[in-house]
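Chemist: Got a structure for you, questions after.
The values are calculated or read from the model by the stated rules, or taken from the named source; none is laboratory data. Everything quoted here is computed from the prediction, not taken from an experiment. A quick note on method: Cβ atoms are made from the backbone with ideal geometry, for glycine too, and the neighbour counts reach across all protein chains shown. With ligands, DNA and RNA removed, areas are computed over all heavy atoms of the protein, side chains included. Shrake-Rupley method; radii C 1.70, N 1.55, O 1.52, S 1.80 Å.
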Amino acid sequence: MRIDATAVERSLSYLDGEVPLERIWEHPAYDVVREHADLLDRDLSREDVARALAGEDNAFSGVADLPENRDQIRCLLERVRSNEDGWVDRIEAAIERVTPDEDHADLTVYLGVGYDYGVGGERGAYLNLNAPLFLDAPREVLYTATHECSHVLYERVHHSRRALGPDTFEEPAGQRTVFDTVVHTEAFATYTPIPLRRADGAMGERDDPVAEDYAVLSDEERLADLVGTYDSLRESLGESAVPRDRLFTHLFGGRRLPYRVGTAILTGLEAARGIEAVREAFYCGPSEFCTEYDWVLDEYRTDA
């Protein structure tokens, strides 16, 4: 695998008037971004990037304070470069532990600016170096790159984004499929960096939702509450459609159920049956995953 920083370099050069916007838009890093935006039916154009870089709030988020953060981003980029060989080795080891049968050699982690913290699709992984998470804690780049590489491998095996058309986000049965798919992929993406975080002592409390995904794993009371919400939501999905924005909040915001409950399934599965069982769970279908391994959550259910 490799880390490619040319997208962030072009973006900083664009701010300095040294390269045209087209040079950013044509970079393969933004192919990954556009693929993700298309999945969520977000209208993302080259003009959106230009307007966002000029300070407008639109689908290309996370760049409003880019001019003020330029020096910090350059320092972060140097930090990544100075640790690149060691970080690549650690990322590959974490991925190999979970998906040893997959080809990791052609994985690319693109570093850019704008859009989400990070996204991953069949084309590769993408991280936004202007995200406060990375500027405040540079080692989160290592963990998030591992997270997004897991998504890349998941998509190459399951091709789930090709199967999720626009109607699946609107129809009751489709929304249940979407929810199960997000639980499955986010469970593995959040679980895979755990050995890296544990080795660095980065599993504790911090004022950040991503860090909180790991802190809750050691709090049985909070997990029991999350599992109760997860059970109620999963039971209701499929009966009647919920508004699209509410569905997205359940998936990616709020209490981050797919990340936290999904990871609890995998950590519990590993504790009960070992890493081989976790590896097998990677290859089952999303709905099968949520059904077959639901027993792992029984310890958090008061009526189980």
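Chemist: Distance in nm between label sites at Ser232 and Asp16, each 7 Å beyond Cα in the beta-carbon direction?
Modeler: For the pair Ser232/Asp16, the computed spacing is 5.4 nm.
Chemist: Please work out which option in (i) -0.35, -0.44, -0.55, -0.79; (ii) -0.41, -0.51, -0.62, -0.84; (iii) -0.63, -0.75, -0.86, -1.06 gives log10 I(q)/I(0) by the Debye sum over Cα atoms at q = 0.08, 0.09, 0.10, 0.12 Å⁻¹ calculated from these coordinates, and answer with its label.
Modeler: Label of the calculated value: (i).
Chemist: Spelling out what I want: for every residue of region 81-96, take phi, set θ = phi - 60°, compute 6.51 cos²θ - 1.76 cosθ + 1.60 (Karplus), and round to whole Hz; glycine and proline get x.
Modeler: Each residue of region 81-96 in turn: 4, 5, 10, 4, 4, x, 5, 4, 4, 5, 4, 4, 5, 5, 5, 4 Hz.
Chemist: Does region 2-158 come out rounded, prolate or oblate by the C-alpha gyration tensor, with a ≥ b ≥ c the root eigenvalues, rounded set by a/c under 1.5 and, if not, prolate when a/b is larger than b/c and oblate if not?
Modeler: oblate
Chemist: By per-residue mean of other Cβ atoms within 10 Å, what is the highest-first order of 4-14, 96-106, 138-148, 274-284?
Modeler: The packing order, highest mean first, is 138-148, 4-14, 274-284, 96-106.
Chemist: Whose amide H sits under 5 Å from the amide H of Asp4, counting only residues 5 or more places off or on another chain, with H placed in the peptide plane?
Modeler: HN-HN under 5 Å from Asp4: Val109, Tyr110, Leu111.
Chemist: So, one more: For region 166-300, what class follows from the C-alpha gyration tensor (a ≥ b ≥ c being the square roots of its eigenvalues): rounded when a/c is under 1.5, otherwise prolate if a/b is larger than b/c, else oblate?
Modeler: Prolate, because a/c is 1.5 or more and a/b exceeds b/c.
Chemist: When the Karplus curve 6.51 cos²θ - 1.76 cosθ + 1.60 is applied with θ = phi - 60°, which whole-Hz ³J(HN,Hα) does each residue of region 241-255 get, with x for Gly and Pro?
Modeler: 5, 10, x, 4, 5, 5, 4, 5, 5, 4, 6, 10, x, x, 8
Chemist: Sum -39500 (n - 2.57) across every DSSP H segment of at least 4 residues in the chain, then divide by the residue count to get the 222 nm mean residue ellipticity, nearest 500.
Modeler: Theoretical 222 nm ellipticity from helices: -19000 deg cm²/dmol.
Chemist: Ok, one more. What percent do you get for the relative contact order of the chain when only Cα pairs under 8 Å and 6+ apart count?
Modeler: 17
Chemist: Per residue, how much accessible area does region 2-158 have with a 1.4 Å probe, in Å²?
Modeler: Dividing the accessible area of region 2-158 by its residue count gives 41 Å².
Chemist: Answer with one residue from Tyr230, Phe188, Ala241: the one whose Cα lies farthest towards the positive end of the charge dipole of region 166-300, charges on Cβ with Lys, Arg +1 and Asp, Glu -1.
Modeler: Value: Phe188.
Chemist: Where the centre of each part is set by its Cα atoms, how far does region 1-24 sit from region 192-242, in angstrom?
Modeler: 35
Chemist: Once each part is reduced to its C-alpha centroid, what is the distance from region 96-132 to region 252-302 in angstrom?
Modeler: Spelled out, the Cα-based centre of one part sits 22 Å from the other.
Chemist: How much length would be gained if the chain were fully extended between Asp31 and Ser218, taking 0.36 nm per residue of separation minus their Cα-Cα distance, in nm to one decimal?
Modeler: 63.6 nm
Chemist: Suppose a student asked you for the relative contact order of region 166-300, using Cα pairs under 8 Å spaced at least 6 residues apart; what percent would you report?
Modeler: Result for region 166-300 is 38 percent.
Chemist: For Arg255, what is the net charge nearby, where nearby means another residue's Cβ is under 15 Å from its Cβ and Lys, Arg count +1, Asp, Glu -1?
Modeler: Net local charge, Arg255 excluded: -3.
Chemist: If we count every other residue with Cβ under 14 angstrom of Ala187's Cβ, Lys/Arg +1 and Asp/Glu -1, where does the sum land?
Modeler: Result for the neighbourhood of Ala187: -4.
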